[in-house]
Amino acid sequence: RVAFNGTVPEPRDRYWRGLVLTRFNGRTWTGREPSISRDARNQIEVRGDPLDYEVTLEPTRQQWVFALDMPMQWSLPQTFMGPFQELARSIPIDQRISYNVTSYTSFRVGRELSDLYRRWYSSLPENTNPRTAELARQMRAAAGSDRAFAESVLAMLHEQDFYYTLEPPPLGSNPVDRFLFDTRRGFCEHYAWAFAVLMRSVGIPTRIVLGYHGGELNPIGGHMIVRQSDAHAWTYVWLDGE
């Protein structure tokens with residue numbers, strides 16, 4: 001549950017950031033265990049006005065602390081920001097807790113990306129999802145720029161016959177190929193993963209964020225309820241200069 005002190009963000013800005021995935025083995029994505037980063041907050045450039053709010057979080061028995069993307073200040077003790085701007089607590093959350101957060105929904109993360117991280121965030125295992133890689137190369141050549149390519153992939157997923165379902169068919173050993181070319185059925189993680197693999201296939205650094213998107217305002221209490229059914233996955237891409 002979330003109580004805002006003043007402005008309530010528009011639905012399109014209600015991304016509740018959790019854990020970040022960076023590694024893909026051809027079938028699944030994984031991330032790191034929570035760790036403290038002294039430099040993560042310094043990489044964030046914020047724009048616009050801040051949003052102040054209080055979160056009441058039910059026990060998860062995990063370390064992840066959810067906040068509106070992008071958090072800049074928080075009151076929960078023993079909580080730190082990890083290297084991918086994710087919040088985590090040093091001990092699992094095993095009872096209901098409340099904490100205050102200041103977030104900005106308009107921001108940029110980092111001005112430069114080293115060659116090491118550029119390779120890390122665009123790496124893919126060899127000889128996996130070959131049809132996806134070929135499609136990415138064709139679409140990137142036709143688009144002319146990384147941004148135009150990303151927009152063309154989004155348009156493809158929106159406009160072609162893809163279907164959202166919580167009961168997708170099995171995908172096998174090359175899951176992105178099968179999703180994009182055969183089943184075309186899945187939920188948010190399928191779309192986020194396919195988008196990320198298409199980007200990485202042409203060397204565009206990408207990572208995936210897991211959390212929640214949305215929230216329903218309670219007309220009586222005035223607070224927002226974010227449910228487990230709001231769980232979501234989305235992608236970050238690196239565009240030089242942006």
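Of these, 46, 8, 55, which one is part of a strand (DSSP E or B), β-branched (Val, Ile, Thr) and within 29 Å of residue 229 (Cβ to Cβ)?
Details: 46 fails: within 29 Å of residue 229 (Cβ to Cβ); 8 fails: part of a strand (DSSP E or B).
The match here is 55.
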Scan segment 85-105 residue by residue and report those that are hydrophobic (A, V, I, L, M, F, W, C), in a strand (DSSP E or B) and over 16 Å from the mean Cα position of the chain (by Cα). 97, 101
Qualifying residue in segment 122-129 (condition: closer than 21 Å to residue 199 by Cα and open to solvent by less than 30 Å² (accessible area, probe 1.4 Å)): yes
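Tell me, yes or no, whether segment 64-74 has at least one residue that is open to solvent by 50 Å² or more (accessible area, probe 1.4 Å) and closer than 25 Å to residue 13 by Cα.
Yes: segment 64-74 contains one or more residues that are open to solvent by 50 Å² or more (accessible area, probe 1.4 Å) and closer than 25 Å to residue 13 by Cα.
Here's the yes/no breakdown for (1) touching a residue at least 40 places away in the same chain (Cβ under 8 Å); (2) open to solvent by less than 20 Å² (accessible area, probe 1.4 Å); (3) not in a helix (DSSP H, G or I):
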residue	(1), (2), (3)
152	no, no, no
157	no, no, no
161	no, no, yes
170	no, no, yes
182	no, no, no
192	yes, yes, no
199	yes, yes, no
207	yes, no, yes
229	no, no, no
Counting just the residues of segment 34-43 that are in a loop (DSSP other than H, G, I, E, B) and open to solvent by less than 70 Å² (accessible area, probe 1.4 Å), which one comes out nearest to residue 109 (Cα to Cα)? 40
Inspect segment 131-142 for any residue being crowded, with 18+ Cβ neighbours inside 10 Å, touching a strand residue (DSSP E or B) at 6+ places or on another chain (Cβ under 9 Å) and either of a type outside the set (Phe, Trp, Tyr) or assigned to a helix (DSSP H, G or I) (or both) and give the result as yes or no. no
Pick out the one residue from 7, 60, 56, 30 that is under 27 Å from residue 220 (Cα atoms) and touching a Leu at 6+ places or on another chain (Cβ under 7 Å). 7
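The values are calculated or read from the model by the stated rules, or taken from the named source; none is laboratory data. Quick caveat: nothing in here was measured; it's all calculated off a predicted structure. All Cβ positions, glycine included, derive from the backbone under ideal geometry; neighbour counts span all protein chains shown. Each accessible area value is taken on the protein alone, full model and side chains, heavy atoms only, with ligands, DNA and RNA left out. Shrake-Rupley method; radii C 1.70, N 1.55, O 1.52, S 1.80 Å.
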